[in-house]
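J.: The structure is given below, and queries will be raised subsequently.
The values are calculated or read from the model by the stated rules, or taken from the named source; none is laboratory data. If you're wondering where the values come from, they're calculated on a predicted model, not measured in any experiment. Counting neighbours? That spans all protein chains shown, and the Cβs are built from the backbone with ideal geometry, glycine included.
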Amino acid sequence: MVPLLIIIGIIVVLGIIAVVLYNGLIRRRNQVENAWGQIDVQLKRRIDLIPNLVETVKAYASHERETLDAVIRARNAAIAAPSSPHAQAEADSILTGALKQVFALSEAYPDLKANTNFLALQEELTATEGRVAYARQFYNDSVLSYNNSVDQFPTVIFARMLKFERREYFEADAGSRDAPKVQF
């Protein structure tokens with residue numbers, strides 16, 4: 001009778017451990033998905049602001065067509081980018097570079113720099129960039145926690161059995177770390 005109770009006790013303890021480990025993996029996976037959703041929301045917010053910015057700049061710098069077209073192309077590429085962290089990071093880097101060129105135009109056009117619509121859009125985009133940066137950091141922190149759980153013993157046993165895969169980080173493109181070249 002005692003050996004049977006010991007075996008039942010061991011099974012119950014192992015069952016409890018399995019449930020706790022599984023729930024931890026689910027919680028971390030859901031946190032990663034939530035964090036990715038926050039990045040997506042902020043990137044879409046920025047994309048929605050760009051047409052207004054382009055129209056405002058067009059009124060003052062109509063002969064800067066190439067720069068404005070580059071922003072529109074970058075925006076369209078960001079909209080069409082697959083929803084993976086690598087693809088989104090690549091599109092984000094291109095769009096950020098194009099936006100920096102538009103903001104650099106304001107230095108060459110004092111009337112544009114003084115325009116309240118332009119200043120408001122610039123402020124809104126700057127605030128959105130801060131939100132994107134925070135969302136990226138939160139996402140990457142969530143991915144780190146999740147990946148650690150997936151890789152650590154004993155969770156790794158359950159993660160492999162239940163097909164929990166590592167997630168990729170939202171990393172800036174290597175070329176995005178360079179300052180954009182602005183020419184007038």
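J.: Scanning for something farther than 30 Å from Ser142 by Cβ, modelled with pLDDT under 90 and among the charged types (D, E, K, R), does the range 71-83 turn up at least one residue?
T.: In the first step, residues of the range 71-83 are kept if they are farther than 30 Å from Ser142 by Cβ; the result is 71-73.
Remaining after also requiring modelled with pLDDT under 90: none.
Within the range 71-83, none of the residues are farther than 30 Å from Ser142 by Cβ, modelled with pLDDT under 90 and among the charged types (D, E, K, R).
J.: Now a separate question. Among the listed residues Arg131, Arg136, identify the single one that is part of a helix (DSSP H, G or I) and under 30 Å from Tyr22 (Cα atoms). If you could, list the steps in order and put the result at the bottom.
T.: Values: Arg131 fails: under 30 Å from Tyr22 (Cα atoms).
Result of the check over Arg131, Arg136: Arg136.
J.: From the list Arg27, Arg45, exactly one residue is part of a helix (DSSP H, G or I), modelled with pLDDT of 95 or more and of a type in the set (D, E, K, R). Which is it?
T.: Numbers: Arg45 fails: modelled with pLDDT of 95 or more.
Every option except Arg27 fails the conditions.
J.: Residue check, Ala35 against (1) surrounded by fewer than 19 Cβ atoms within 10 Å (Cβ to Cβ); (2) under 27 Å from the mean Cα position of the chain (by Cα), all met but one. Which one?
T.: (1)
J.: Counting only residues that are over 23 Å from the mean Cα position of the chain (by Cα), surrounded by 14 or more Cβ atoms within 10 Å (Cβ to Cβ) and either touching a residue at least 40 places away in the same chain (Cβ under 8 Å) or not in a helix (DSSP H, G or I) (or both), how many does the range 60-101 have?
T.: Narrowing the range 60-101 to residues over 23 Å from the mean Cα position of the chain (by Cα): 60-69.
Next, only the ones that are surrounded by 14 or more Cβ atoms within 10 Å (Cβ to Cβ) stay: 60-61, 64, 67-68.
Going one step further and asking which of them are either touching a residue at least 40 places away in the same chain (Cβ under 8 Å) or not in a helix (DSSP H, G or I) (or both), we end up with 60-61, 64.
The qualifying residues number 3.
J.: Moving on. Confirm whether Val57 is exposed (fewer than 13 other Cβ atoms within 10 Å of the Cβ) and among the hydrophobic types (A, V, I, L, M, F, W, C).
T.: On the way: exposed (fewer than 13 other Cβ atoms within 10 Å of the Cβ): no; among the hydrophobic types (A, V, I, L, M, F, W, C): yes.
No.
J.: Now for a different question. Pick out the one residue from Glu123, Glu55, Glu107 that is more than 30 Å from Leu25 (Cα to Cα), in a helix (DSSP H, G or I) and at pLDDT 90 or above.
T.: Details: Glu55 fails: at pLDDT 90 or above; Glu107 fails: at pLDDT 90 or above.
Selected residue: Glu123, the only one of Glu123, Glu55, Glu107 that is more than 30 Å from Leu25 (Cα to Cα), in a helix (DSSP H, G or I) and at pLDDT 90 or above.
J.: Now a separate question. Take Ala35 and tell me if it is in contact (Cβ under 8 Å) with a residue 40 or more places away in the chain, among the small types (Gly, Ala, Ser) and either over 30 Å from Pro154 (Cα atoms) or part of a helix (DSSP H, G or I) (or both).
T.: Numbers: in contact (Cβ under 8 Å) with a residue 40 or more places away in the chain: yes; among the small types (Gly, Ala, Ser): yes; either over 30 Å from Pro154 (Cα atoms) or part of a helix (DSSP H, G or I) (or both): yes.
For Ala35, the condition - in contact (Cβ under 8 Å) with a residue 40 or more places away in the chain, among the small types (Gly, Ala, Ser) and either over 30 Å from Pro154 (Cα atoms) or part of a helix (DSSP H, G or I) (or both) - is met.
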